[in-house]
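Structure record follows, encoded as structure tokens.
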Amino acid sequence: MFALTLLSYALLATSALARPSGLSDRLARRAAGSHLTRPLQRVASPEALASNTSHVEYSSNWAGAVYDTYPSGSFKSVTGTFTVPTPKAPSGGSGTYSSSAWVGIDGDTCGTAILQTGVDFTVSNGRTSYDAWYEWYPDYAYDFSGISISAGNQIRVTVTASSTTSGTAVIENLSTGQTVSKSLTSSSALCEENAEWIVEDYEENGSLVPLANFGTVTFSSASATTGSGSIGPSGATLIDIEQNGKVLTSASTSGSSVTVSYV
């Protein structure tokens with residue numbers, strides 16, 4: 001696990017993040033700084049197991065759409081809107097399971113830095129909770145305060161790089177009218193090579209969390225801005241999660257949307 005402290009804060013977040021349920025053990029882990037997104041971890045393609053025949057790449061931790069660089073300029077911002085799902089334990093499972101939906105810049109061909117923001121979905125013995133967060137990898141994720149999130153809410157997530165070492169993360173709850181933002185700086189410079197719309201099996205305390213059945217997450221109004229204009233996700237590479245020889249997701253793009261389904 002990384003023990004780095006690379007973020008310096010230019011703005012203070014507002015207070016009082018509401019959650020649908022307690023989960024005190026999970027909150028203690030998050031307060032200790034244990035949520036971490038790793039760069040894209042590719043795995044060998046188990047073509048015989050794939051549920052999505054148009055699929056291109058497989059990963060142990062990411063599912064969604066990723067630009068592996070764009071010839072017309074560096075990525076400056078990424079945005080998308082999704083409906084918060086109700087996470088469930090996988091069939092036959094018990095205990096605590098999580099997944100995370102986010103947008104970001106870098107983390108694929110540029111694996112040394114990621115500017116990202118998103119929402120975690122957690123189910124623990126039938127109780128659900130949601131965490132809105134921002135992260136500039138290789139530092140850990142930090143929770144936003146001042147925003148409450150529930151299943152069914154429409155959430156817009158946006159990251160913007162104002163330079164390779166500074167940027168902003170914004171989460172808007174379009175259902176409640178709440179907005180939170182954070183200005184960030186880091187000594188780990190972005191390459192601005194990658195843009196992504198991702199559902200992730202993230203890391204806590206050095207290992208991937210058990211992946212929740214998140215149903216389907218669709219990033220609508222998805223776009224990325226480069227130095228030469230805006231593009232949609234249709235030209236991005238599709239990524240699905242594969243673990244222990246099983247493909248767990250099915251990702252697709254259509255126009256200005258990215259859909260990731262748990263399978």
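Looking only at segment 222-243, filter to residues that are in a strand (DSSP E or B) and of a type in the set (S, T, N, Q); which one of those is nearest to Thr109 (Cα to Cα)? Quick ask: steps written out before the conclusion?
We begin by selecting, within segment 222-243, every residue in a strand (DSSP E or B); these are 222-226, 229-231, 237-243.
Retained after the next criterion (residues that are of a type in the set (S, T, N, Q)): 223, 225-226, 230, 237, 243.
Working: Ser223: 19, Thr225: 18, Thr226: 17, Ser230: 20, Thr237: 12, Gln243: 21 Å.
In this case the residue turns out to be Thr237.
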It is to be established whether one or more residues within segment 201-208 are closer than 18 Å to Tyr97 by Cβ, hydrophobic (A, V, I, L, M, F, W, C) and surrounded by 17 or more Cβ atoms within 10 Å (Cβ to Cβ).
yes
Do we find a residue being of a type outside the set (A, V, I, L, M, F, W, C), farther than 22 Å from Phe121 by Cα, outside any strand (DSSP E or B) and touching a Ser or Thr at 6+ places or on another chain (Cβ under 6 Å) anywhere in segment 244-254?
no
Listed residues Gly118, Gly111, Gly107; which is surrounded by 24 or more Cβ atoms within 10 Å (Cβ to Cβ) and either touching a Cys at 6+ places or on another chain (Cβ under 6 Å) or farther than 17 Å from Val209 by Cα (or both)?
Gly107
Residue list for segment 121-143, filter: closer than 24 Å to Ser163 by Cβ and either surrounded by fewer than 23 Cβ atoms within 10 Å (Cβ to Cβ) or small (Gly, Ala, Ser) (or both)
Pro138, Asp139, Ala141, Tyr142
Hey, does segment 27-43 have a residue that's β-branched (Val, Ile, Thr) and modelled with pLDDT of 95 or more?
no
Per-region count, segment 60-109, residues on the phi > 0 side of the Ramachandran plot, small (Gly, Ala, Ser) and over 18 Å from the mean Cα position of the chain (by Cα):
3
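Residue by residue, here is whether (1) on the phi > 0 side of the Ramachandran plot; (2) acidic (Asp, Glu); (3) surrounded by 18 or more Cβ atoms within 10 Å (Cβ to Cβ); (4) more than 17 Å from the chain's Cα centre (by Cα) holds:
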| position | (1), (2), (3), (4) |
| --- | --- |
| Val159 | no, no, yes, no |
| Thr165 | no, no, no, yes |
| Glu172 | no, yes, yes, no |
| Ser175 | no, no, no, yes |
| Val180 | no, no, yes, no |
| Ser183 | no, no, no, yes |
| Asn194 | no, no, yes, no |
For segment 78-97, which residues satisfy the criterion of being surrounded by fewer than 21 Cβ atoms within 10 Å (Cβ to Cβ) and not in a loop (DSSP other than H, G, I, E, B)?
Thr81, Thr83, Lys88, Thr96
With hydroxyl-bearing (Ser, Thr, Tyr), under 17 Å from the mean Cα position of the chain (by Cα) and at pLDDT below 95 as the only criterion, which of Ser221, Ser207, Ser228, Ser234 stands out?
Ser207
Can you report the number of residues in segment 216-252 which are farther than 19 Å from Gln154 by Cα, in contact with a strand residue (DSSP E or B) (Cβ under 9 Å, 6 or more places away or on another chain) and in contact (Cβ under 8 Å) with a residue 24 or more places away in the chain?
22
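The values are calculated or read from the model by the stated rules, or taken from the named source; none is laboratory data. Computed from a prediction, not measured in an experiment: that's the story for all the values here. Cβ: placed from backbone, ideal geometry, glycine included. Neighbour counts: every protein chain shown.
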